[in-house]
Amino acid sequence: MNGCEGWVASAGHILGGTVLKVNGSSHSTDVRERAAEVARTVFGWPSLRPGQAEAVEAVVEGQDLLAVMATGYGKSAIYQIAAHLLEGPAVVVSPLIALQADQVRHLAERTHDDEEAVAVNSSQSASANRAAWESVASGAAEFVFLAPEQLAKEEVLERLEQARPGLVVVDEAHCVSAWGHDFRPDYLRLGAAIERLGHPRVLALTATGSAPVRDEIVERLGMRSPRIIVGGFDRPNIRLAVRRHEHDHEKEQAVLEQVVGLEQPGLLYVATRGDTERLADVLSERGLRAAAYHGGLKAGERREVHRRFSDGELDVAVATSAFGMGIDKADVRYVVHADITDSVDSYYQEVGRCGRDGEPATATLHYRQEDLGLRRFFAGGKADHARVRSVTSALSTGRPTPAGDLAESSGVSARALTGVLNLLIEAELVREEADGFTLVRKVADAEAIRAVDEVVDRRTRIDESRLAMVRGFAETLRCRRQYLLEYFGDAGTEPCGNCDTCESGSAYEHDDEDATSGFRVDERVEHPEWGEGRVMSVEDDRLTVFFESVGYKVLSRELVEEKGLLAPE
DNA sequence: CGGTCCGCTTTTACAAGCGGACCGGTGCGGTAAT
């Protein structure tokens, strides 16, 4: 079968590393034909792409599946078609209410059926939510869209249980790893919610996923022997460059000058809300149609900026990381970062918003070492000891307690409670059972606090190692694209010829010979101090390994071999 | 961690330098106040 190049699928448990080429000569032509039929008759698509067909087939045959595919490739088609081939409605977990509304509208338009897709959330009236549940109960709704916070509610789980869903879709699944630990703790509770629904097939979808992020999605969602389909990450039409700066002011001038000179439209990412407004003002003065966008704007203002950008009424949107999900504008010509991001994953996701039409586009990172400070601050944070004490003492009855009762007896708000429970579960001090949360054994306050602090410290170390990797991108002398592709697991590429280090020749000077060590990318290894890890990249003189306890570590190959530091697991 | 702002000091400024305080991202849901 042609068109499969660049696609790999791996089977087995997350720790299993079997990588298989997608097998085109499938024995289940039946499923494929039915999928193609649904695509044609229900959605009006002439045919399915290779990754899509493979994915639909796996899901329909009962496998859990993680699909990592570029935005615009058609991830939504996978769950839409699979849902039509399966009994029961599909529960679609989506991070933003605005995205839910988009999907509901598109599905209604496509199928000419208002009850086909419904959403339940806090932005709708109580009567609209009631009507949505009625459509689910009657079987009229094929899709129900929910934020993870909804799945934390007993009432919601009961209604879904009764509807006997055939599929749970987790859209933008990288949010599990990016947001679950602090920002939106209900993302870490999704696995338990899925179990509660009897573990229907799980389909996780995302456009970004380095190996550790993929592993975490699979683990946190409790996916069983999942199939993993990974599309190619390369976006060769995007020119990559980093410009280094000494002083803040000089950096800002360079950013403004560059943005004014580029072919429009484009995106300018900055770190703070204040900077979005300030730089948007300056760019307006310099003749561009510019607007600021950040999470602090009123809903109406956000919608309006989004609309103007999408409709081509803006040259540049100056935004924090709030701007992104749900943007599918094809002709964005550049993404400029005035500040470094918190990880390579975030950086590449934001960069990926330009050049979707395949035409040349540019991505420039303006980098100062001092900018890492803000990211370090965001990576920090401490557990609230008073809350931990309240929750552990409320749990000391020894009886399993539902979250609702626990919020009441501990005096901790429902939302903060979820965060504390996540930490206690990760510290292996609390277990979730069918009828509530329970301590695994009697625990003294001091021990609980020490254990929780350890979990938080481990998270911080991992976040800091992710920051170190994006710093590595900013400072590398090698080909920028090779660096990114290796980060995402595509080893053995050549210098790309379309980045600043290739242009300066530096990439070729530092293009390492083929690695000849015994280590290979993706291999699971064990380190005496840091425990289990996974090889991320192998270079001439060093190895990059992601350890579950400390995050990314760059190791000298000479030392590793001399001391026998890493043993295959 | 780094920047900005404010107020204090200082061989009395149409000023400058310093130290401390404060701030900084992503969104859900529900509640309180109009």
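The values are calculated or read from the model by the stated rules, or taken from the named source; none is laboratory data. Remember, it's a predicted structure, so these values are computed and weren't measured experimentally. Neighbour counts run over all protein chains shown; Cβ positions are idealised from the backbone, glycine included.
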Which listed residue, of A:PRO50, A:PRO89, is crowded, with 18+ Cβ neighbours inside 10 Å, within 19 Å of A:VAL202 (Cα to Cα) and outside the structural domain of A:LYS329 (by TED's automatic domain parsing): A:PRO89
Residue that is surrounded by the most Cβ atoms within 10 Å (Cβ to Cβ) [pool: residues in region A:299-350 that are of a type in the set (Ser, Thr, Tyr), more than 19 Å from A:TYR483 (Cα to Cα) and under 21 Å from the mean Cα position of the chain (by Cα)]: A:THR320
Just one listed residue, out of A:LEU160, A:LEU167, is modelled with pLDDT of 95 or more and touching a helix residue (DSSP H, G or I) at 6+ places or on another chain (Cβ under 7 Å), and it is A:LEU167
Would you check if there is a residue in region A:168-181 being on the phi > 0 side of the Ramachandran plot, of a type in the set (D, E, K, R) and either within 14 Å of DNA strand B (Cβ to nearest atom) or part of a helix (DSSP H, G or I) (or both)? yes
Please work out if A:SER122 is assigned to a loop (DSSP other than H, G, I, E, B), among the hydroxyl-bearing types (Ser, Thr, Tyr) and within 16 Å of DNA strand B (Cβ to nearest atom). yes
Starting from region A:309-328, take each residue that is in the same structural domain as A:GLN349 (by TED's automatic domain parsing) and touching a residue at least 60 places away in the same chain (Cβ under 8 Å) and list its partners that are among the small types (Gly, Ala, Ser) and assigned to a loop (DSSP other than H, G, I, E, B), counting only C-beta distances under 8 angstrom and pairs at least six apart or across chains. A:ASP328/A:GLY72
Taking region A:182-198, which residues are more than 10 Å from DNA strand B (Cβ to nearest atom) and outside any helix (DSSP H, G or I)? A:LEU197, A:GLY198
A:THR501 meets each of (1) buried (at least 21 other Cβ atoms within 10 Å of the Cβ); (2) free of Cβ contacts under 8 Å to residues at least 24 places away in the same chain; (3) polar (S, T, N, Q) with one exception, condition (2)
Checking the condition modelled with pLDDT under 85 and under 30 Å from A:ALA427 (Cα atoms), which residue from A:GLU526, A:GLU569, A:GLU548 passes? A:GLU569
Within region A:286-326, which residues are touching a Leu at 6+ places or on another chain (Cβ under 9 Å), assigned to a loop (DSSP other than H, G, I, E, B) and within 12 Å of DNA strand B (Cβ to nearest atom)? A:ALA322, A:PHE323, A:GLY324, A:MET325, A:GLY326
Quick check on this structure: which one of A:GLU158, A:GLU216 is without any contact (Cβ under 8 Å) to a residue 12 or more places away in the chain and either more than 13 Å from DNA strand B (Cβ to nearest atom) or in contact with a strand residue (DSSP E or B) (Cβ under 6 Å, 6 or more places away or on another chain) (or both)? A:GLU158
Scan region A:131-144 and tell me whether some residue there is closer than 18 Å to A:ARG227 by Cβ and either within 13 Å of DNA strand B (Cβ to nearest atom) or not in a loop (DSSP other than H, G, I, E, B) (or both). no
A:THR501 fails exactly one of (1) of a type in the set (Ser, Thr, Tyr); (2) in a loop (DSSP other than H, G, I, E, B); (3) at pLDDT 85 or above, namely (2)
